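No lab work stands behind these numbers, since they all come straight from the coordinates. Note that the structure is predicted; figures quoted are calculated from it, not measured. Cβ sites come from the backbone with ideal geometry, for glycine too, and all protein chains shown count toward neighbours.
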Amino acid sequence: MEAINNQTIRLSQLPKGKRALIREHEESGFRLTLMEMGCIPGEPVWVEMIAPMGDPMALRIAGYHLSIRREDADKIWVEISNS
């Protein structure tokens, strides 16, 4: 999937401190696991921290903290929130 508009990006591209809504996942072997961890379409997600070398990312999602590899975050499309 390519970006639909300027507001839709890969989760791996979301800057620290920004909020977004998960829109969809690309097919991957880790897709079901991500969904079980709360990364479901429509769920708000915040990037709280990014490791000094850029990997992993610390997210706030579904009321808890989740650390995710940038490679996996690259397969999740989000819509940036203006709030």
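Of all residues in segment 24-83, which are among the β-branched types (V, I, T), loosely packed, with under 15 Cβ neighbours inside 10 Å and in contact (Cβ under 8 Å) with a residue 24 or more places away in the chain? Please lay out each step first, then the result.
Our first condition is that a residue be among the β-branched types (V, I, T); within segment 24-83, this holds for 33, 40, 45, 47, 50, 61, 68, 76, 78, 80.
Filter once more, so that each one left must be loosely packed, with under 15 Cβ neighbours inside 10 Å: 33, 40.
Hits for segment 24-83: nothing passes.
Please go through segment 37-83 and give me each residue that is touching a helix residue (DSSP H, G or I) at 6+ places or on another chain (Cβ under 8 Å) and among the basic types (K, R), ordered by number.
R70, K75, listed by residue number.
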